[in-house]
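See structure below.
The values are calculated or read from the model by the stated rules, or taken from the named source; none is laboratory data. Predicted model only: the values in this text are computed from it and were never measured. Quick reminder, even Gly has a Cβ in these numbers, built from the backbone with ideal geometry, and neighbours come from all protein chains shown. All accessible areas refer to the heavy atoms of the entire protein, side chains included, with ligands and DNA or RNA removed. Shrake-Rupley method; radii C 1.70, N 1.55, O 1.52, S 1.80 Å.
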Amino acid sequence: MFTYIDPSVRQRLIEAGKLFRIDRDGAGTISALGPIPLPLQLGEQHIDVQWYATVRNTELTKIEDFAAELRAKHGQQSFAELASSMAVNSVLLVGNLESWTNPLIRVHSSCMTGDVFGSQRCECGPQFQSAINLINQDEQGGMLVYMSGHEGRGIGLWAKAATYLLQDGGEDTYQANRTLGLPDDSRDFSDAASLIKYFRGGGPFRLLTNNPKKIVGLEGYGLEVTGREPIQVKPGEFNEEYLATKRTKLGHIL
Ligand SMILES: [Zn+2]
């Protein structure tokens with residue numbers, strides 16, 4: 001990370017406007033690095049996006065202090081540990097935000113198995129691709145907020161692996177969380193809301209989601225959602241049951 005590679009690089013990035021703070025109602029709470037051009041190849045589609053990496057300042061400050069200590073002790077090997085303990089969320093911008101009047105926005109929860117491995121136990125991988133495609137095809141363009149701490153609806157990858165084993169023993173995706181004594185959904189959307197507020201300048205937008213509760217949740221942070229756009233992914237033989245549970249138990253519109 002920039003902060004503990006070399007403090008002079010940090011200063012240079014700030015001066016270039018590539019490292020900046022995003023205020024949450026007046027208090028600087030998020031640091032962002034970007035824009036970083038990222039050419040995406042999704043299937044046949046080539047899409048150019050602007051990437052912003054973002055992190056909570058409270059986490060960053062702790063890491064910076066620890067990094068200064070390590071630097072003094074020449075503890076180079078511990079730097080990898082620092083990097084992995086920080087949740088870095090991403091913003092992918094498509095199109096020109098200056099011309100937005102009512103863009104299309106997606107908040108995507110990270111899913112290692114679906115997004116990276118291409119697992120068909122959920123619909124996250126195809127949903128991510130479909131979301132970027134829909135935003136790219138939209139005449140307004142828009143943005144995707146990728147929430148890295150949302151793995152397994154907030155319980156993390158380790159617990160998610162355990163829930164998969166319980167599911168294979170006959171429990172559905174929500175029962176499995178309860179068996180482990182974990183909440184159904186522990187995702188925190190406050191950072192996503194702050195990022196949308198910043199990049200959207202507080203203006204209206206359409207939300208790409210099948211989950212009407214997400215709209216209510218974001219509106220709770222003072223955001224102006226003018227409508228919901230569905231994101232349809234074909235059910236396959238492995239995720240049919242998972243999608244049915246989402247529909248019947250969580251009110252998703254599929
Ligand atoms: Zn998934």
FRET efficiency, 1/(1 + (r/R0)^6) with R0 25 Å, evaluated for Lys73 and Ile36 via beta carbons:
0.20
Computed magnitude of the charge dipole of the chain (debye, nearest 20; Cβ of K, R +1, Cβ of D, E -1):
320
Which whole-percent values make up P(r) of the chain when all C-alpha to C-alpha distances are grouped in 10 Å steps starting at zero?
7, 28, 33, 24, 8, 1
How much length is gained on full extension from Arg228 to Asp188, taking 0.36 nm per residue of separation minus their Cα-Cα distance?
12.4 nm
Using a 1.4 Å probe, what is the accessible area per residue for segment 194-254, in Å²?
54
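Quick check: residue separation of Ile14 and Leu165 times 0.36 nm, minus the Cα distance between them. What number comes out in nm? Please list the in-between numbers first.
Working: separation 151, 0.36 × 151 = 54.36 nm, distance 4.64 nm.
Taking 0.36 nm per residue and subtracting the Cα distance, the gain is 49.7 nm.
How would you order 45-51, 111-117 from highest to lowest mean count of nearby Cβ atoms within 10 Å? Let's see the in-between values first.
On the way: 45-51: 15.3, 111-117: 16.9.
Ranking, from highest mean packing down: 111-117, 45-51.
Only loop residues by DSSP count here, and only those with at most 14 other Cβ atoms within 10 Å; note down the GluC sites (Glu not before Pro) in segment 116-187 that meet that. Provide the component values of the computation, followed by the final result.
Details: sites: Glu123, Glu139, Glu151, Glu171; in loops: Glu123, Glu139, Glu171.
Sparse-neighbourhood loop GluC sites (Glu not before Pro): Glu139.
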Inter-probe distance in nm under a simple model that places probes 7 Å from Cα toward Cβ, at Glu241 and Asn96
5.1
Note, segment 12-19: 3J(HN,Hα) by Karplus (6.51, -1.76, 1.60, θ = phi - 60°), whole Hz, Gly/Pro = x, goes 4, 5, 4, 5, 7, x, 9, 10
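Using only alpha carbon pairs under 8 Å that are at least six residues apart, calculate the relative contact order of segment 115-254 and give it in whole percent. Before the final figure, lay out each step's value.
Values: 140 pairs, mean separation 35.5, N = 140.
Computed value for segment 115-254: 25 percent relative contact order.
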Share of carbon and sulfur in the accessible heavy-atom surface of segment 143-254 [1.4 Å probe, %]
55
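For Thr248 and Glu139, what does the FRET efficiency come to when R0 = 30 Å and r is the distance between their Cβ atoms, rounded to the nearest 0.05?
On the way: r = 35 Å, r/R0 = 1.17.
Taking R0 as 30 Å, the efficiency between Thr248 and Glu139 is 0.30.
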Contact order relative to length for the chain, counting C-alpha pairs under 8 Å separated by 6 or more residues, stands in percent at 16
Student exercise: in the chain, how many lysine pairs 8 or more apart or on different chains have Cα atoms under 30 Å apart?
22
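Roughly speaking, what is the stretch gain from Met86 to Lys62, that is 0.36 nm per residue apart minus the C-alpha to C-alpha distance, in nm to one decimal? Mind dumping the intermediate values first?
On the way: separation 24, 0.36 × 24 = 8.64 nm, distance 0.99 nm.
Stretched out fully, the Met86 to Lys62 stretch lengthens by 7.7 nm.
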